[in-house]
1. Quote the FRET efficiency, to the nearest 0.05, computed for Phe91 versus Glu172 with a Förster distance R0 of 25 Å and r equal to the Cβ-Cβ distance.
2. With a/c under 1.5 counting as rounded, go ahead and sort the range 1-108 into rounded, prolate or oblate using the C-alpha gyration tensor (a ≥ b ≥ c being the square roots of the eigenvalues; past the cut-off, prolate if a/b is larger than b/c, else oblate).
3. Please compute the Kirkwood hydrodynamic radius over the chain, one decimal place, Å, based on all pairs of different Cα atoms.
4. With contacts defined as alpha carbon pairs under 8 Å and 6 or more residues apart, what's the relative contact order of the range 117-244 in percent?
5. Assign unit charges at the C-beta atoms only (+1 for Lys and Arg, -1 for Asp and Glu), then state the dipole size of the chain relative to its Cα centre in Debye, rounded to the nearest 20.
6. Can you give the relative contact order of the chain as a percent, counting alpha carbon pairs under 8 Å and 6+ residues apart?
7. Using a 10 angstrom cutoff on alpha carbons, build the Gaussian network for the chain and name the most mobile of Leu148, Leu122, Leu140.
8. Only counting other Cβ atoms within 10 Å, I'd like Met179, Met133 sorted with the fewest neighbours first.
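Computed from the coordinates by the stated procedures, all read-outs in this text should not be read as laboratory data. Remember, predicted model here, so these are calculated numbers, not experimental data. Positions of Cβ are backbone-derived with ideal geometry, glycine not excepted, and every protein chain shown enters the neighbour counts.
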Amino acid sequence: MVAVLDVADVSKRYGAKLVVDKVSLAVSTGECLGIIGPNGAGKTTLFNLLDGSAQSDSGTVNVAGEDISRWPQYRRARLGVGRAYQVPRPFTGLTVYENVLAGIEHSPVAGARPGRRALEVLEKVGLADKRNMIAGRLPLLDRKRLELAKAVSVGSKVLLLDEVAGGLTEGEVFELVEMVIQLKREHAVLWIEHIAHALMAAADRLLVLHFGAKLIEGAPQEVMSAPIVKEVYLGISVDDAAGA
């Protein structure tokens, strides 16, 4: 498969601290790459380098064959980089439909029928029946759905999901996983998440960051069972496991 997102050796330093250290990855449409790592591993900074809210010191970021490494955030969004956050950021005074329509009307893929596209996006995330509700009155899971819809609405080729399962109940996490599985059919998805079983259900590969560098990448089961991951991410050393 041809990678929609192709990242090569991106690095970011804040003062003397190297936060992201020559990270490379590639994701194609139809794939979900899960990203895990201890707090402070550089996960959020990596997403900032991908969506343009921070600029890398070195390395390249390519989306759909375009080198966007020096592009500002708004240009990356228009090209097709959408991001959904752990804490939803709706326009609380607008309806669900108006929230999605706002993104579509500023998207280069809006076409002649933005209203119809808004309804299609809401259908994808299961919010079509709540399109006339004020966004500020939605329960948490529906706010998460709307956060995904807003990321999709700009015509995203790449979806960056930033701990979107945080705060949900077990049953709600399951519903969110099903949404991500559906969305990855049409998008290249990167998902940072601390809820490991959610990533295990949705991700095709896992990438582990440690001190800003890629520690390991591979099939979810292989990565989670690797001794180095158990030690760094789960806090289980090989000696501890042997003595258990």
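1. That pair, Phe91 with Glu172, gives E of 0.65.
2. The shape class here is prolate.
3. Computed over the chain, the radius equals 18.5 Å.
4. Relative contact order, the range 117-244: 16 percent.
5. Once rounded to the nearest 20, the dipole reads 960 debye.
6. Contact order relative to length: 27 percent.
7. Maximum among the listed residues: Leu140.
8. Exposure proxy ranking, most exposed first: Met133, Met179.
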